[in-house]
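The numbers here are math on the coordinates, done by the rules we state, and not lab data. A quick note: this is a predicted structure, and the numbers were derived from the prediction, not measured. No Cβ is skipped: glycine too gets one built from the backbone with ideal geometry, and neighbour counts run over all protein chains shown.
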């Protein structure tokens with residue numbers, strides 16, 4: 001993979017949808033970056049399913065990792081922005097994309113690969129009562145419930161009836177896979193009835209007669225009832241009404257109905273002005289380019305190539321990926337586009353979920369275990385291609401001149417983290433600040449050596465001004481979401497002191513690019529910032545912008561407060577319980593994200609927590625007479641806890657339970673894989689305040705103590721008699737991960753003693769520790 005380019009962005013390509021074609025596009029631009037092209041991937045689902053592996057997954061012969069491709073690492077490798085959102089409208093005149101709850105997204109080029117859904121428009125009640133096989137993630141949620149319902153029926157010795165509407169490859173594979181899984185789960189002799197309905201004279205009516213015969217025989221042998229030349233007219237709650245040719249309507253009592261009919265397009269396409277075919281799919285030419293809007297491209301099920309009609313099959317989307325990528329590049333460069341001719345015949349491999357598959361191409365068809373092994377190999381190789389990505393931090397090639405340089409020292413990690421993990425180490429910061437001799441003012445209570453979270457300026461006996469500043473590089477490439485989290489982080493120092501933010505000044509660094517692109521980035525950042533400030537009734541009163549190498553953002557925040565009601569960082573008292581409001585692990589998770597090793601579900605969970613304000617938690621701590629409070633950010637839990645222990649007039653220590661530490665999903669997996677934030681090593685120097693670190697060096701949660709946090713939680717010392725009620729109040733207000741992690745003890749010269757057992761029961765009515 002080539003090194004990232006600092007060429008200013010000139011054009012904006014938006015990839016709409018995470019379909020099979022766009023996988024190839026992302027991989028292509030990861031290997032062949034185009035300097036000056038900004039790529040954004042917008043997809044409702046980030047863990048996108050590979051449809052070819054669905055039957056094996058349903059039948060229980062494939063795992064989740066064999067079915068889903070995580071778009072996040074792939075987008076990271078391609079240097080593409082990743083936005084998880086649905087699209088409500090596309091304005092091609094203004095080249096704007098509208099996604100609910102987000103700023104408008106502008107583009108110069110648009111590629112659409114959003115797939116299709118089964119068409120149930122001609123069946124009454126289908127929308128309300130049928131379960132569409134696509135989108136697959138939604139279907140899998142229904143499938144879990146279907147299995148539970150079926151098991152409940154079988155326990156009562158009652159039959160379970162499943163109907164599948166559609167006679168193509170998907171319906172045949174579904175019928176076999178769902179039957180196989182239910183039999184394996186509940187027993188081979190369960191009273192299970194599977195009915196397959198098709199309006200065609202046979203299943204697989206677009207395939208050769210040999211494939212039709214093989215599939216028909218396989219379904220018959222499995223006891224699956226096939227209703228051919230049959231039109232389903234209505235699907236109700238527990239019933240299906242159908243009519244076979246020259247017969248009266250019949251009604252079948254059912255427990256569930258799966259819709260696997262022909263494809264239908266997204267409804268919003270009708271309002272775009274795009275040239276569509278008679279069924280609503282986007283008409284494209286041999287360049288995969290819209291017939292009406294040359295800056296729009298489409299592939300996969302959603303596209304209809306003029307004069308080259310093909311079945312709606314994933315194999316065509318896969319084959320279109322590389323031609324699409326090359327034509328997008330050529331279009332961006334103003335070069336002539338290449339033509340693409342889809343193959344006339346494609347190999348189809350249909351899993352029968354019994355260890356065999358049907359192989360079909362043109363007029364040829366065979367069935368056997370060899371075909372199933374072939375299909376499994378193809379499917380798993382495809383998924384692995386996009387799952388098992390290289391680690392960009394693996395190091396330089398030993399043969400390169402840079403690798404031989406004496407300046408290439410491992411003391412400087414090749415990948416530097418962003419967010420609050422990009423701050424300077426505390427030791428270095430303290431050393432430099434200690435060398436300065438700034439002037440003093442009598443009304444300034446704090447100083448450069450102060451450990452408080454905000455500067456304190458006295459305005460009178462009962463009024464002080466708090467000021468704090470935070471600023472860092474973006475750690476995600478979603479500008480809007482980054483700004484929301486960064487704003488939350490910047491406000492946290494004020495919350496940690498129990499005050500209410502009043503106003504803020506913003507500082508924004510935008511990478512040099514085309515004027516329109518810089519405007520978009522500034523608009524997204526300031527929209528996210530303003531939304532969060534407004535939610536806190538905090539006025540944005542000014543700021544400063546500059547051109548920077550990478551997107552950066554920060555705030556200087558002001559607050560007014562009564563000095564007698566402030567929460568201070570020091571003030572721990574023996575017997576206090578330490579309560580932490582948010583889970584740990586953002587540093588290592590985003591370090592893994594930079595290395596293409598983080599799963600999207602891990603990052604999504606972390607981002608959700610990082611958008612949660614600490615304001616309510618601070619109010620709860622004030623209500624429960626907190627003795628001290630701070631927010632856990634870049635120096636890690638132990639670094640900030642050490643600051644709380646810094647008061648010379650209160651010689652106390654802390655007993656800290658590693659087992660009690662709340663942890664974000666995936667963080668321990670990343671630690672186990674050897675991943676660390678670039679600030680982790682410096683933070684680990686705070687380990688010298690641990691009295692018994694050697695006893696716990698192999699404890700999986702030990703690295704959490706040194707992990708730098710962005711938009712982390714609050715850590716407060718609560719009197720023991722109020723701790724239980726305080727913890728319950730936090731959870732009631734939304735801090736579900738809030739937990740007691742330690743207790744303050746006498747003496748110990750500010751040391752922290754680790755333990756891995758339970759802490760003493762909390763005082764007051766409320767949940768016990770760890771509950």
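For the chain, what is the calculated [θ] at 222 nm in deg cm²/dmol (nearest 500), taking -39500 (n - 2.57) for each run of four or more DSSP H residues and dividing by its residue count?
On the way: 21 runs with 238 residues, N = 771.
Rounded to the nearest 500, the figure is -9500 deg cm²/dmol.
Over all distinct alpha-carbon pairs, what is the Kirkwood Rh of the stretch 80-142 in angstrom?
14.4
Just how far, in whole angstrom, is the stretch 576-590 from the stretch 513-528 if you go by their alpha carbon centroids?
Between the Cα centre of the stretch 513-528 and that of the stretch 576-590, the gap is 32 Å.
Counting other beta carbons within 10 Å of each residue's own, what order do 652, 296 fall into, fewest first?
Numbers: 652 21, 296 24.
Least to most surrounded, the residues fall as 652, 296.
Of the beta bridges DSSP finds with both residues in the stretch 126-264, what % are antiparallel, to the nearest 5?
Among the beta bridges of the stretch 126-264, antiparallel pairing accounts for roughly 40 percent.
Can you put 463, 568 in order of Cβ neighbours within 10 angstrom, beginning with the fewest? If you can, show how the numbers build up before the last one.
Working: 463 12, 568 20.
So the ranking, lowest neighbour count to highest, is 463, 568.
Counting DSSP beta bridges in the chain, what percent are antiparallel, to the nearest 5?
60
Find the centroid of the Cα atoms in the stretch 316-382 and in the stretch 1-74, then give the distance between the two in whole Å.
17
Would you mind calculating the relative contact order of the stretch 423-566 from Cα pairs under 8 angstrom and at least 6 residues apart, reporting the percent as a whole number?
Contact order relative to length: 32 percent.
Of (1) 30.1, 98; (2) 31.5, 107; (3) 37.8, 133, which is the value of Rg and Dmax of the Cα atoms in Å derived from the coordinates here?
It is the one labelled (1).
How would you classify the stretch 568-771 from its alpha-carbon gyration tensor, with a ≥ b ≥ c the square roots of the eigenvalues: rounded for a/c under 1.5, else prolate if a/b is greater than b/c, otherwise oblate?
Verdict is oblate for the stretch 568-771.
Report the relative contact order of the chain, percent, no decimals, based on alpha-carbon pairs under 8 angstrom and at least 6 residues apart.
It comes to 12 percent, rounded to a whole number.
Just want the ordering: 209, 51, from fewest to most Cβ atoms lying within 10 Å of their own Cβ.
Ascending Cβ contact count within 10 Å gives the list 209, 51.
With the contact rule set at Cα under 8 Å and sequence spacing of 6 or more, what percent relative contact order holds for the stretch 126-264?
Relative contact order of the stretch 126-264: 31 percent.
Where both partners of a DSSP beta bridge lie in the stretch 423-566, what percent of those bridges are antiparallel, to the nearest 5?
If we restrict to bridges inside the stretch 423-566, about 75 percent are antiparallel.
Going by Cα centres, the stretch 175-197 and the stretch 733-748 are how many Å apart?
51
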